[in-house]
Every structure is written in structure tokens, then in C-alpha cells.
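Engineer: Take a look at this one; I'll ask things after.
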Amino acid sequence: MAEESESSAAGGSAEVRMVLLGQTGSGLSSSGNKILGRSAFWTDVSPLSVTSRCQRSGGVMDGRSLRLIDTPGFFHTCLSPDEVRAELSRCMELSAPGPHAFLLVLRAGRMTRESSAALDWVSATFGPQALRFTVVLITCGDVLGAKPADDFLKESEELWEFVCSCAGGYHVFDNTKGFEERSQVTELLKKIDLLMERNAGAHYTADMLLQADTAVRHMQQRILGDGQEEDEEARKRAEHVFWYELLTSMGRGAVEASGVMEKGKGKGKKVKAVQRVAAIASTPLSITTAAKVMGGAVREGTKVLCKHKKTLLR
């Protein structure tokens, strides 16, 4: 499907649609409120995601209509992965026909494992095309002090490479400033205007999300398939070892029980074994001898069964 575009150029009267993405606690809802200049989304200090479902709100700034979608956090949320996926699909409906910009919200500070996973998650979930519509929004920029934002970003090679791959670059919010301070929001919207111009008014589409989801599912099936093939090969090898050990041990047990060969090793024992074979061969096989042979085979075979049962009964 061809990319969709809108006739009005950036900076005109066309609606600007944005989707907030990020990990729990990074300040998604607070950033949405700051952009709209009012408390449109519920915020709270909590280790769990306050936003459990996608929410839509809007406003008007400088004559432009803004539509903003707040999404559940990536991690530490009460939603299952399938529910999160469903909500992110729903965000496409709320931003229909599609968002002009993804605002990936990251809190200024040390790069954590969750932060790193959030970067990978965006590309995996929305596909590499999403980076054409992405702006990295750094919150709590006040903690940087006099340190330039570029220096902070370059401290993590992974983060800097990701920011460079985003067509919209990055923007920093100072969270100590209230709603009345609109300059940092104005600067953000200018960057989104420029992003829309570069994309010729095109926006992210539901087809792009479907393609990304299909690619992820194919990769998961391939990984599971490879794992199943490896498990099957391992099982076959285990079965070969089991049958070899079982037959060998049952034969050994039968011979030892018959009295032909004593347990243990040694040259003298092998000489005695030859003599006993000759003695047994010259006499009829009795029921007692047969029972001993079977008993020895069963005894040694049982040991092998116990040894391999965990492998064979998986």
C-alpha cells in the first residue's frame, strides 16, 4: 500500500497526530500533559504503569489541531504482552489514519537494561519504517545541568546510534517548568513540522504495523522451529545411547548371572570364564540357570532405564 499523505503542509491548519511511546516511569503521561498545556492524562508516582489502556486527547496550539495518544508503558505493567500488543494496535485506531510522529520518551539518566530494550522494542514492534516518524523525547532534562544533551546521549553508543537513526532527532523537556512555559513545546512542534516536511506529509500506517507484526511472528516461528529440530536431534542421540547401553548391560548381566564371568576385570577372570563356558556348554541348560540369566539381564537393564528415564520421558 502506498504511503498516505495530507494535502496541507506542516505548519498549516492540518491536524498533527502524535503517539507517546516509552517504558513505565519515563514520563509519558506527564509529557502529554505538557504538550497539551493541561492535565489531560492521569499521572501518579508508581512502580507500575498508571496508563493501562491507550488514551486520546487533543488541543489547539498556534492555530494547529493536536491529537495525542498516550500508551501503556513497555515494562512493569499489569498487562500481558498480548494485551500490550492489542493496545498498541488500538493506538493506531485512535490516531487514524495514522500518526505523523512517534515520541519515544526516555528519562535522562543512566542507560538501563529496560531503556536499551525499549529502543529495540520500537523497531521490532513498529518495524524499521517507524524510525522515519520518530522523535526521541528526553524528560527530566533539568538533571543534566550544564551538560549539553549531545554529550549525555553520546555517553551511550547504543542510544546515540538510535537517536541518529531517528528522522526527527531528539528534544529535551525540562520538567521543572510548568504548563505556562510553552517555549520548549513550541520547539518540539517545530521539529515535528520539519519531520512532516521531510516525509512530504506522509504518516505511519496500519499496513506498516501489520508488516512489522508479521515479520515478528515469522521470526518467532522460525526460532521455535529451530529449537524443536534441535530437541528432536538431541532426543534421537539420547535414544541411540540408551539402546546401546541397554543391550550391552543386559548381555553383561546375563553372562555374569550365568556364572560364566565374575564381576570385575582381570586376566585371571577371563581364563576362568573360558573354562566355565566350556563346563556350561557340556551340560543341559537348567531352569535355575535360565532364571539367573534372565534375572541378571533384567537387573542390569533396569539400571539403564533408571539412568535414562528423565531424558526419554520429557
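The values are calculated or read from the model by the stated rules, or taken from the named source; none is laboratory data. Since the structure is predicted, the reported quantities are computational estimates derived from the model, not experimental observations. For neighbour counting, all protein chains shown are included, and Cβ atoms are generated from backbone atoms with ideal geometry for every residue, glycine included. The area values use the complete protein model at the heavy-atom level, side chains included, leaving out ligands, DNA and RNA. Shrake-Rupley method; radii C 1.70, N 1.55, O 1.52, S 1.80 Å.
Engineer: Per 0.36 nm of contour for each residue apart, how much would the distance between Trp160 and Glu15 grow if the chain were fully extended, relative to their Cα-Cα spacing?
Structural biologist: Taking 0.36 nm per residue and subtracting the Cα distance, the gain is 49.2 nm.
Engineer: Restricting to Cα pairs below 8 Å that are 6+ residues apart, what does the relative contact order work out to for region 44-196? Please round to a whole percent.
Structural biologist: Relative contact order, region 44-196: 18 percent.
Engineer: How much length, in nm to one decimal, is gained on full extension between Ala124 and Val143, taken as 0.36 nm per residue of separation minus their Cα-Cα distance?
Structural biologist: Between Ala124 and Val143, full extension yields 3.8 nm more.
Engineer: What length, rounded to one decimal in nm, is gained on full extension from Asp151 through to Asp82, with 0.36 nm per residue of separation minus their alpha-carbon distance?
Structural biologist: This chain segment gains 21.1 nm when fully extended.
Engineer: When you count, for each residue, the other Cβ atoms within 10 Å and take the mean per peptide, how do 146-158, 16-28 rank with the highest first?
Structural biologist: Packing order, densest peptide first, comes out as 16-28, 146-158.
Engineer: Could you state the accessible area per residue of region 164-204 in Å², with a 1.4 Å probe and every protein chain left in place?
Structural biologist: Heavy-atom accessible area per residue stands at 46 Å².
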